[in-house]
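Just below is one structure, and these are the notes that go with it.
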Amino acid sequence: MRQTFLPYNLPLIGDEEVAGVLKVLQSGWLTTGKRAQEFEALIREITGARYAVALNSCTAGLHLSLLALGIGPGDEVIVPDMTFCATINVVIHVGATPVVVDVTRDTYHIDPDAIECAITPRTKAIIPVHYAGQACDMDRIMAIAKAHKLYVVEDAAHSIGVTHRGRQIGTLGNTTSFSFYVTKNVTTAEGGAVTTDDEALADRIRRLSLHGISRDAWKRYSAEGSWYYEVLEPGWKCNLTDLAAAIGIPQLRRMPAFYKRRDELAARMTQGLQGLPGITTPRGRPDSSNIWHLYVIEVDAAKAGISRDELIEQLKKRNIGTSVHFIPLHRHPAYRPYGLSAARCPVAEEVFTRIISLPLYPKMTDQDADDVVEAVRELVTP
Ligand SMILES: Cc1ncc(COP(=O)(O)O)c(C=O)c1O
């Protein structure tokens, strides 16, 4: 058994991130400025999107996207059941009605057939979630959106750098929001960004992220700036600091190396878990690349001789941290007023009772991955 605890997730912070943060601290300009602009340029380069707005979270990106698209009371927005609460909270915060639909059985992405069934004359937008580092069926989703004149606000919290049929996520829907929270593949500790090809939308999102103040408000205290500004609409405050961007810039540059390592670790674990009764290793989508944000196995208790919950507990006792992505929205008391239920999303409910996210991140050694495999193998006793 492992002697030390293997956390479910750890960021990989190198000398460049440390040096970058120190430089910003010493520069005297700590908040949104040149580093945040550089971070945005890198995101544009990676995604191919014409505009990128750096924010302090993906949640802010989704929220401001809905606001900028004019979605509000009386509108319905379709979201998948298998997601983080942020995806539905933003719909509620703009005063719209969330309509929660089921996911596909194989990869837990929003089910395009379920989207079609949920459309009403009040539907205004779909929020597809590119779960676990693979893209949703964007061809179908964009076709549905076009046919019904709906906006597509992509939740790519898990998926910076993912391609759908060779095209980068970040330019397909009206906006795409990325997360750089500490557990994500690329981090700024807390952070996010929105990409879009629509200049007006990008400008509105940027303005809403800075109190609704007129353009380039961040320059106010710089040599090029002026003291005068106008508030054009009441906004929020969710800009990304240069301190955070200084962590994110080298992270984005090292992304290909991070992803190569994630690939290697995923292949090693899948190989190690092969043939284990009652354990299903993650399934890939033929229409998407996989950046292995999560490594989600399914446990069939009857065949594995151990339940999902017990396996989580026993792994913890063997010094292996795990997580579950996600507790479906229908299980949370906060969303009861919206008519969610297990009966309406039976696939998400069934999947939830079986899934475990095992540790998988570039900081792990081959031995760490082998320890995870060995512990699961020991505990599965058909
Ligand atoms: C699917 C999904 N959407 C949105 C978010 C929110 O991201 P952030 O913490 O950057 O606001 C998360 C974060 O875990 C997520 O998993």
Specify the residue that is nearest to the ligand (Cβ to nearest atom); the eligible residues are those in segment 181-195 that are surrounded by fewer than 24 Cβ atoms within 10 Å (Cβ to Cβ) and within 17 Å of Asn239 (Cβ to Cβ). Tyr181
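Just give me the residues in segment 143-180 being outside any strand (DSSP E or B), surrounded by fewer than 17 Cβ atoms within 10 Å (Cβ to Cβ) and either within 15 Å of the ligand (Cβ to nearest atom) or at negative phi (or both), in sequence order. Spell out how you get there, then give the answer.
Here is the first cut: in segment 143-180, the ones outside any strand (DSSP E or B) are 143-150, 157-162, 165-166, 169-174, 180.
Narrowing the set further to residues that are surrounded by fewer than 17 Cβ atoms within 10 Å (Cβ to Cβ) leaves 143, 146-149, 165-166, 171.
The answer is Ala143, Lys146, Ala147, His148, Thr171.
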If we keep just the residues of segment 279-336 that are of a type in the set (Val, Ile, Thr) and part of a loop (DSSP other than H, G, I, E, B), which is farthest from Ile92 (Cα to Cα)? Ile306
Tell me whether segment 147-154 contains one or more residues that are touching a Leu at 6+ places or on another chain (Cβ under 7 Å), under 26 Å from Lys237 (Cα atoms) and either of a type in the set (Phe, Trp, Tyr) or assigned by TED's automatic domain parsing to the domain that holds Arg336 (or both). yes
Quick test for you: out of Ile127, Ile110, pick the one residue that is of a type in the set (A, V, I, L, M, F, W, C), touching a Cys at 6+ places or on another chain (Cβ under 7 Å) and surrounded by 19 or more Cβ atoms within 10 Å (Cβ to Cβ). Ile110
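The values are calculated or read from the model by the stated rules, or taken from the named source; none is laboratory data. In this text the structure is predicted, and so the values were computed from the model without any measurement. No Cβ is skipped: glycine too gets one built from the backbone with ideal geometry, and neighbour counts run over all protein chains shown.
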